[in-house]
Amino acid sequence: MASNEKEAVKRPQNEKKKQPKACAGRELHERMNFLYQASVLMSDTCPQLSASYGKLAKAIGKKAVLRMEPAIKRTLCVRCGVLLNPATTADIHDFRHKQLCYVQVNCKLCGYSKRFYNSKNHQLWLDNPSSIVERIEFQAPSSSS
């Protein structure tokens, strides 16, 4: 009988259902997303508050060693963190020369200028299919009632 009891105890441990792979830092990604959205909303009315939300979102990502999407990074000022909206918080100039074409974005809050070069053959690394190693899908937590 003792051997039957041991087998009964071992079965529930070995027959555990496989849990879906959880993303490390999911809560931090959600917090960064919330701060970015708050920064977007406040950029028109209060740019200083938008800058503090943007800085905080970048600081959270830096502390937890999480990467932000490059498209989101481009919309934030490097120096002050404000969301760069054309005509409200940023001036945008398009420069086209013989071989060099770029878009220059000037922050109105701190005066920092950023250049984005655009050539015909340039492709971002993230747009390349070989750059994707693993894709993690976020699922909303389901409530069991």
### Message
With a 1.4 Å probe and all protein chains kept in place, how do Val78, Val65, Val103 rank by accessible area, largest first?
### Response
Val65, Val78, Val103
### Query
Non-local amide H neighbours of Lys108 (under 5 Å, H modeled in plane, Pro and chain starts lacking H): which ones?
Ala90, Asp91
### Query
What order do Lys120, Lys108 take when sorted by accessible area (1.4 Å probe), most exposed first?
Lys120, Lys108
#### Entry: Lysine pair number, Cα distance threshold 30 Å (strictly under), the stretch 26-122, separation 8 or more or different chains
21
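The values are calculated or read from the model by the stated rules, or taken from the named source; none is laboratory data. Keep in mind it's a predicted model, so treat the numbers as computed, not measured. Just so you know, the surface numbers come from the protein's heavy atoms only, side chains and all, with ligands and any DNA or RNA stripped out. Shrake-Rupley method; radii C 1.70, N 1.55, O 1.52, S 1.80 Å.
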